[in-house]
Amino acid sequence: MPAKRSEKLVSFESQALPLMPQLYGAALRWTRNPSDAEDLVQETFAKAFGAWDKYQQGTNLKAWLFRIMTNTHINLYNKRNKDQAKTALDDLEDWQVGSGESITARTVRSAEAEAMDNLPATIIREALDQIPDEFRMVVYYAVVEGLPYAEIAEIMETPVGTVMSRLHRGKKMLRTLLQDYARQEGYELDGEEAES
Amino acid sequence: MKQVDCEDVKRNVHEFLHSELHEDQLEVITAHIANCDSCEEHYDIEIVFNQVIQRSCDEAPAEELAERVMKRLREIQDHD
Ligand SMILES: [Zn+2]
């Protein structure tokens, strides 16, 4: 019953398929829902298998797959033109992105860390999913996957400087969203007087 | 980068945490953090923030996905 597998499929299966959890994690952030994420993972593996002869053994396979995923996602959802890698947000100055880093007192920082630590995972994911794709994916690759900037630049097909500024801004946007949420939940982050 | 102020140090928090600093920068900033509560706190919260993000993104794929993918790959193979 089991169909016979070519040498190519055997080598692909043993090398690429174990990276499925990582691909799924990234796909979830691209698509923001499990069913589209599964489709994206499947399409990415299908494309990668088709191009397996072009993969250079010994080079970074995970990065190669993530790059295929970037292109697959863009093609699947036709979300941006090839030459539109730069978004309008990249042109904004830092002060326009909001939430400047004010020098806050030590106790306030601790309060924020504590509030952040107590936020449910679903809230964090919702906040992540609210920031623009290109920023979210850079934050994801840097923070969750721990990839170096140069690798993220290759995966996203952008200059390293863009990776750096998207990481800074993405984190800032995310933090603003989470601070707003934490305040709604009754955490005091600014040292404001409690209404009691 | 010989002399740094708090603003410089705080601006470099991501590069510090992601090991993207040059050695000389790393040295100066590490020394600054050791003596500055405000910057240390700033770095601490960013570390917590990163951990929170990591934790929230820890979602495993359904088991059927591996089967779906293998089925698809076999189909591609049979068309070759
Ligand atoms: Zn300082």
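General observations
Conditions (1) under 24 Å from A:ALA46 (Cα atoms); (2) facing chain A (nearest Cβ under 7 Å); (3) charged (D, E, K, R), marked per residue:
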site: B:VAL4; (1), (2), (3): no, no, no
site: B:VAL9; (1), (2), (3): no, no, no
site: B:VAL13; (1), (2), (3): no, no, no
site: B:HIS22; (1), (2), (3): no, no, no
site: B:LEU26; (1), (2), (3): no, no, no
site: B:ALA31; (1), (2), (3): no, no, no
site: B:SER38; (1), (2), (3): no, yes, no
site: B:VAL48; (1), (2), (3): no, yes, no
site: B:GLU64; (1), (2), (3): yes, no, yes
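- Reported count of residues in region A:1-53, each being basic (Lys, Arg) and buried (at least 19 other Cβ atoms within 10 Å of the Cβ), is 1.
- Check on B:ILE45, in contact (Cβ under 8 Å) with a residue 24 or more places away in the chain and either touching a helix residue (DSSP H, G or I) at 6+ places or on another chain (Cβ under 7 Å) or outside any helix (DSSP H, G or I) (or both): no
- Check on B:GLU20, exposed (fewer than 14 other Cβ atoms within 10 Å of the Cβ) and within 30 Å of A:GLN15 (Cβ to Cβ): no
- Pairs linking a residue in region B:3-17 that is of a type in the set (A, V, I, L, M) to a residue that is in a loop (DSSP other than H, G, I, E, B) and surrounded by 14 or more Cβ atoms within 10 Å (Cβ to Cβ), with Cβ atoms under 9 Å and 6 or more positions apart or on different chains, are B:VAL4/B:ASN12; B:VAL9/B:CYS36.
- Given (1) modelled with pLDDT of 95 or more; (2) surrounded by 14 or more Cβ atoms within 10 Å (Cβ to Cβ), number of the condition A:ALA85 does not satisfy: (1)
Each row is one residue, and each column tells you yes or no for (1) at pLDDT below 95; (2) open to solvent by 50 Å² or more (accessible area, probe 1.4 Å).
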{"site": "A:GLU101", "(1), (2)": "yes, yes"}
{"site": "A:THR107", "(1), (2)": "yes, yes"}
{"site": "A:GLU114", "(1), (2)": "yes, yes"}
{"site": "A:PRO120", "(1), (2)": "yes, yes"}
{"site": "A:GLU134", "(1), (2)": "yes, no"}
{"site": "A:VAL163", "(1), (2)": "no, no"}
{"site": "A:ASP180", "(1), (2)": "yes, yes"}
{"site": "A:GLU188", "(1), (2)": "yes, yes"}
{"site": "A:SER196", "(1), (2)": "yes, yes"}
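The values are calculated or read from the model by the stated rules, or taken from the named source; none is laboratory data. From a predicted model like this one, the values you see are computed outputs, not experimental measurements. No Cβ is skipped: glycine too gets one built from the backbone with ideal geometry, and neighbour counts run over all protein chains shown. We work out accessible area using only protein heavy atoms, side chains counted, and drop any ligands, DNA or RNA first. Shrake-Rupley method; radii C 1.70, N 1.55, O 1.52, S 1.80 Å.
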